[in-house]
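Visitor: To start, I am sharing the structure in question, which I have written as C-alpha cells.
Every number in this text was worked out from the coordinates using simple rules, so none of it is lab data. Keep in mind the model is a prediction, meaning the values are calculated, not measured. Glycine gets a Cβ as well: all are built from the backbone with ideal geometry, and neighbour counts include every protein chain shown.
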Amino acid sequence: MKPKLFTTYTIKNLSLKNRVVMSPMCMYSSTTQDGTANAFHFAHYESRAAGQVGLVMTEATAVVPEGRISHEDLGIWSDDHIEGLKIINEGIHRHGAASAIQLAHAGRKANLKNDIYAPSALRFNEQLQTPLEMSTDDIHHVVMAFKEAARRAKEAEFDTIELHGAHGYLINQFLSPLTNHRNDNYGGNKENRYRFLREVITAVQEVWEGPLLVRISADEYQEGGNTMQDFLYYAGEMKEQGVDLIDVSSGGVVPASINPFPGYQLTYAETIKRETGIATGAVGLITHGLQAEELLQNERADLVFIGRALLRNPYWSKQAADELGFSLEGPRQYARAWK
Ligand code: FNR
C-alpha cells in the first residue's frame with residue numbers, strides 16, 4: 001500500500017501531491033540587504049521541489065523592513081520584491097510542488113541597527129535592543145503591512161500563506177503574557193492578547209482566498225507563559241476565523257533552554273488536532289520516513305514539516321520513500337538514478 005506520507009492532501013482549494021512540507025528556514029542570503037531574492041534562493045527552493053517535497057515554504061519573509069531578523073532576510077514590503085519571489089515560484093511549480101510563503105515580523109527579536117518595535121518595551125536579551133512599545137497606530141500599520149504582503153504574495157503566485165506566530169516573533173509576542181504587558185485592548189487576558197493575530201488574519205483574508213496556515217509555539221518553556229488551555233483557545237479562534245491548518249512548533253519566546261528529542265513537539269500538534277478538530281502540521285527532529293508515517297497513520301498530524309534534514313539532503317523524500325519501501329517518482333531527468 002502507498003505510504004500515507006506520499007498520498008495527496010487537500011488544503012482548501014489546493015491539492016498537495018504528498019504530505020512532505022519544507023519547513024521555513026531563514027537563509028540570511030539577501031546579499032543586497034534590501035530583501036530581494038537572488039540566485040541562491042532560486043536554486044535552494046527549486047532543488048527541494050525537484051526532490052519531491054509536496055509543499056515548499058520560503059523562510060520568514062518580512063512584511064516591513066524594521067520587522068526583519070537580520071538585514072539579509074527576504075522581504076515582501078515593496079512591490080519591487082514581487083519579481084524575485086515570482087521566480088522562486090516558477091522553480092517550485094516546475095516540479096509539480098506547491099509553494100508557500102511565511103510572512104513574518106520579528107518585533108523585539110529584530111537584530112537591526114534602527115528602532116525596533118514590540119507590544120511592550122521588554123528586551124529579549126543583552127545582545128538585542130530594547131524595543132519601543134507599539135502605539136495603536138503602529139499596530140494598525142503592521143496589520144496593514146501583513147495585508148499588503150498577502151496581496152503581493154498572490155501577485156507573486158504563491159499557493160499558500162503561513163503567518164509566523166511562533167518562536168517569539170511579533171505575533172507570538174502579542175500572544176504571550178511573558179512578552180505582552182499591555183493594559184489596553186491588546187493585552188491582559190487571552191482574548192486581548194489574541195486580538196493582534198485576529199486582526200492580521202482578518203486583514204489577510206480580505207485579499208487572500210487561498211489556504212492560510214499559522215505557525216505557533218505551543219510551549220513557552222517558562223512559568224507564567226501561555227498554557228495548553230490558552231493554545232487550545234487560540235486554535236479554536238483560528239479555526240473559527242477560517243485558518244486551514246496550524247503548524248505546531250514551540251519555544252523562542254524567552255531565552256529558556258529546551259531539550260529536543262525526536263518528535264519533541266509532536267504531542268502539541270496531536271493535542272491541538274484532537275481537541276479542536278483543526279488540521280495540524282508536525283515539526284521538530286522528524287528525520288525518518290517511518291517516524292513521519294507513524295504520526296500520519298495514527299492521525300497525530302496531517303502534514304509533516306521537515307527542516308534541517310532537508311538542508312542535509314534535498315532529496316529527503318526519496319530517502320523516506322526508500323525507508324518505507326515505496327518507489328517514489330522523481331524528476332524525469334533523474335529517472336535512471338531514481339529506480
Ligand atoms: C529555522 N526555523 C525557522 N522557523 C520558522 O518558522 N521560520 C524561519 O524562518 C526559520 N528559520 C530557520 C533557519 C534555520 C537554519 C533552521 C535550522 C531552523 C525552524 C525550522 O523551521 C524548524 O521548525 C526547526 O528546525 C525544527 O525542525 P527540524 O529542523 O528538526 O526538522
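Visitor: Could you give the length gained by full extension between Arg123 and Ala43, i.e. 0.36 nm per residue of separation minus their alpha carbon distance, to one decimal place?
Guide: Working: separation 80, 0.36 × 80 = 28.80 nm, distance 3.62 nm.
Extra length available between Arg123 and Ala43 comes to 25.2 nm.
Visitor: Pull up the DSSP beta bridges for the chain and report the antiparallel fraction as a percent, rounded to 5. Mind showing how you got there, number by number?
Guide: Working: 3 of 39 bridges.
Looking only at bridges with both residues in the chain, the antiparallel portion is about 10 percent.
Visitor: Which whole-number percent gives the relative contact order of the chain, counting Cα pairs below 8 Å spaced six or more residues apart?
Guide: Working: 751 pairs, mean separation 55.8, N = 339.
Taking the mean separation of contacting Cα pairs over the length of the chain, I get 16 percent.
Visitor: Mind checking region 174-248 for chymotrypsin sites (Phe, Trp or Tyr not before Pro) that DSSP puts in a loop (not H, G, I, E or B) and that have at most 13 other Cβ atoms within 10 Å?
Guide: Details: sites: Phe174, Tyr186, Tyr194, Phe196, Trp208, Tyr221, Phe231, Tyr233, Tyr234; in loops: Tyr186, Trp208, Tyr221.
Qualifying residues, ordered by number: none.
Visitor: Would you order Met228, Met238, Met57 from fewest to most other beta-carbon atoms within 10 Å of each residue's own beta-carbon?
Guide: Values: Met228 15, Met238 26, Met57 29.
Listed from fewest to most nearby Cβ atoms, that is Met228, Met238, Met57.
Visitor: Order by neighbour count: Trp338, Trp316, fewest other Cβ atoms within 10 Å first, most last.
Guide: Trp338, Trp316
Visitor: In percent, what relative contact order does region 201-339 have, based on Cα pairs under 8 Å that are 6 or more apart in sequence?
Guide: Details: 189 pairs, mean separation 25.7, N = 139.
Contact order relative to length: 18 percent.
Visitor: Is there a pair in Lys109/Lys147; Lys154/Lys318; Lys86/Lys109; Lys2/Lys318; Lys2/Lys339; Lys17/Lys318 whose C-alpha atoms are over 19 Å apart, and which pairs would that be? Can you show the working numbers first?
Guide: Numbers: Lys109/Lys147 22 Å; Lys154/Lys318 30 Å; Lys86/Lys109 28 Å; Lys2/Lys318 14 Å; Lys2/Lys339 16 Å; Lys17/Lys318 14 Å.
With Cα atoms farther than 19 Å apart: Lys109/Lys147; Lys154/Lys318; Lys86/Lys109.
Visitor: Nothing charged except the Cβ atoms of Lys and Arg (+1) and of Asp and Glu (-1): what's the magnitude of the dipole of the chain about its Cα centre? Round to the nearest 20 debye.
Guide: 980
Visitor: Applying 1/(1 + (r/R0)^6) with R0 = 51 Å to the Cβ-Cβ distance of Ser135 and Leu285, what FRET efficiency is obtained, to the nearest 0.05? Could you put the intermediate results ahead of the total?
Guide: Working: r = 40 Å, r/R0 = 0.79.
For R0 = 51 Å, the calculated efficiency reads 0.80.
Visitor: Kindly provide the helix-only [θ] at 222 nm of the chain, computed as the sum of -39,500 (n - 2.57) over DSSP H runs of four or more divided by all residues, to the nearest 500 deg cm²/dmol? It would help to have the intermediate numbers written out before the result.
Guide: Numbers: 10 runs with 113 residues, N = 339.
Theoretical 222 nm ellipticity from helices: -10000 deg cm²/dmol.
Visitor: Would you list Ser30, Ser250 from fewest to most Cβ contacts within 10 Å? All intermediate terms of the calculation are to be shown ahead of the outcome.
Guide: On the way: Ser30 25, Ser250 22.
In order of increasing Cβ crowding within 10 Å: Ser250, Ser30.
Visitor: In region 252-272, whose amide N lies under 11 Å from the spot 7 Å out along Cα-to-Cβ of Glu323? List them in ranges.
Guide: Label zone hits: 263.
Visitor: Just to confirm a number: summing +1 for Lys and Arg and -1 for Asp and Glu over residues other than Ser135 whose beta-carbon lies under 13 angstrom from that of Ser135, what do you get?
Guide: On the way: positive: Arg182; negative: Asp115, Glu133, Asp137, Asp138, Asp184.
Net of charged neighbours comes to -4.
Visitor: Karplus couplings for region 66-71 from phi (6.51 cos²θ - 1.76 cosθ + 1.60, θ = phi - 60°), rounded to Hz, Gly and Pro as x?
Guide: For region 66-71, the Karplus-derived couplings read 6, x, 7, 6, 9, 5 Hz, x marking Gly and Pro.
Visitor: Only sites in a loop by DSSP and with at most 16 other Cβ atoms within 10 Å count here; which GluC sites (Glu not before Pro) in region 133-180 make the cut? The partial results should precede the final answer.
Guide: Working: sites: Glu133, Glu148, Glu155, Glu157, Glu162; in loops: Glu157.
In loop regions of region 133-180 (DSSP not H, G, I, E or B), the sparsely surrounded GluC sites (Glu not before Pro) are Glu157.
Visitor: I need the GluC sites (Glu not before Pro) found in region 262-325, filtered to DSSP loop residues with at most 15 other beta carbons within 10 Å of theirs.
Guide: Glu299
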